[in-house]
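The values are calculated or read from the model by the stated rules, or taken from the named source; none is laboratory data. Note that the coordinates shown come from a computational prediction; the quantities given were computed from them, not determined experimentally. Here Cβ is always computed from backbone atoms with ideal geometry, including for glycine, and neighbour counts include all displayed protein chains. Heads up: the accessible areas ignore ligands, DNA and RNA and are worked out on the full protein's heavy atoms, side chains in. Shrake-Rupley method; radii C 1.70, N 1.55, O 1.52, S 1.80 Å.
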There are 2 protein chains.
Amino acid sequence: MSLSMYSASVPVFRQVLGSLAAILEKAEAHADLKKLEPQALLQARLFPDMFPLLRQVQVAADFAKGTVARLGGVEVPRYEDVETDFAGLQERIAKTLAFIDSVPREAIEDSAEREVTVGTGANQRQFKGQPYLVHYALPNFYFHATTAYDILRHNGLEIGKRDFIGSF
Amino acid sequence: MSLSMYSASVPVFRQVLGSLAAILEKAEAHADLKKLEPQALLQARLFPDMFPLLRQVQVAADFAKGTVARLGGVEVPRYEDVETDFAGLQERIAKTLAFIDSVPREAIEDSAEREVTVGTGANQRQFKGQPYLVHYALPNFYFHATTAYDILRHNGLEIGKRDFIGSF
């Protein structure tokens, strides 16, 4: 039996975005308890030219959205980056989860050979669905999701790898 | 067409471990150029109770080794954690890459339904090959590989996401 394109994408994004939502909830409660300015966490970075927490979460969610849309052969929905607080990030994750669950499973299952285009202009790149998912989309998704976790860990939030792996 | 258990595992580990090896080479050259004590990077952590860089790399490599062995139905080779420097980590990655390339591809392709056991005692957990790969092994692997990258970025190494995604 082979692995399924659907099983390797939608439920994985659901797992890790669910973890991120729970971690962000802990971060918000921690800020509240310790009387921290929420922006001190939301705008925290591991280095000045890296994205802050808020942007890492937006980008991770966008990799989930873009990947599922492209594999499913539907238009990538455009979400403006208007979030400024924890509540906004929870909404961003929730609408991303609702979107990825709305794409027909059969279309994603059929996507291993689908032509996928990412980027524009000189940064445009073409893939088949399978290498797009495993070599491009998932590494990018995990990169931003883990960095969001690492920013919060570095700022003293008491979470562990189990919070990141989450439940599935 | 479905995704293949092999395509979603061995070439992915090869891609990201290759990236890690190249990033560690840059880190070593950077330490040399800036006359930094190499241990200042190798023992750097994002928080006192997190693993330092050296251990993050060992653990990432071990997730690749353990995953490919379990999916391929061969014994997980035991590598002692004896590395103390950049050269040692390069050897650890090189022998991990050689091992994962040595496991017969057909055995891995057939592993979606294989029973996989990880951990011992109360931490023992059983999976089928497919959920083991996508929900447990890959998230753990990316978690440690990204954190290794984040530790170096936080310490000023001039690398970017392209170094992490690497080539495939």
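Could you figure out which of (1) farther than 18 Å from A:Tyr149 by Cα; (2) in contact with a helix residue (DSSP H, G or I) (Cβ under 8 Å, 6 or more places away or on another chain) isn't true of A:Phe13?
Among (1) farther than 18 Å from A:Tyr149 by Cα; (2) in contact with a helix residue (DSSP H, G or I) (Cβ under 8 Å, 6 or more places away or on another chain), the lone unmet condition for A:Phe13 is (1).
I'd like the full set of residues that are crowded, with 16+ Cβ neighbours inside 10 Å and assigned to a helix (DSSP H, G or I), limited to segment A:89-120.
Restricting attention to segment A:89-120, the residues satisfying the condition of being crowded, with 16+ Cβ neighbours inside 10 Å are A:89-90, A:92-93, A:96-97, A:99-100, A:103, A:107-112, A:114, A:116, A:118.
A:Leu89, A:Gln90, A:Arg92, A:Ile93, A:Thr96, A:Leu97, A:Phe99, A:Ile100, A:Ala107, A:Ile108, A:Glu109, listed by residue number.
Identify all residues within segment B:109-152 that are among the charged types (D, E, K, R) and touching a Gly at 6+ places or on another chain (Cβ under 9 Å); write none if there are none.
First, the residues of segment B:109-152 that are among the charged types (D, E, K, R): B:109-110, B:113-115, B:125, B:128, B:150.
Passing the criteria: B:Asp110, B:Glu113, B:Arg114, B:Glu115, B:Arg125.
Which residues, counting only those in segment A:149-168, are crowded, with 18+ Cβ neighbours inside 10 Å and assigned to a loop (DSSP other than H, G, I, E, B)?
Those that are crowded, with 18+ Cβ neighbours inside 10 Å and assigned to a loop (DSSP other than H, G, I, E, B): A:Asn155, A:Leu157, A:Gly166.
Go through segment B:128-143 residue by residue and tally those that are in contact (Cβ under 8 Å) with a residue 60 or more places away in the chain and surrounded by 23 or more Cβ atoms within 10 Å (Cβ to Cβ). Lay out the reasoning, then the answer.
Taking segment B:128-143 and keeping what is in contact (Cβ under 8 Å) with a residue 60 or more places away in the chain, we get B:129-130, B:132-134, B:137-138, B:140-142.
Still in the running and surrounded by 23 or more Cβ atoms within 10 Å (Cβ to Cβ): B:129-130, B:132-134, B:137-138, B:141-142.
Residues flagged as in contact (Cβ under 8 Å) with a residue 60 or more places away in the chain and surrounded by 23 or more Cβ atoms within 10 Å (Cβ to Cβ) within segment B:128-143 amount to 9.
Out of everything in segment A:1-14 that is facing chain B (nearest Cβ under 7 Å) and open to solvent by 10 Å² or more (accessible area, probe 1.4 Å), what residue ends up being modelled with the lowest pLDDT?
My answer is A:Met1.
Taking segment B:16-57 as the search range and keeping residues that are open to solvent by 10 Å² or more (accessible area, probe 1.4 Å) and either closer than 30 Å to B:Glu109 by Cβ or of a type in the set (Asp, Glu) (or both), which one is nearest to the other protein chains (Cβ to nearest Cβ)?
Only one residue tops the list, namely B:Asp49.
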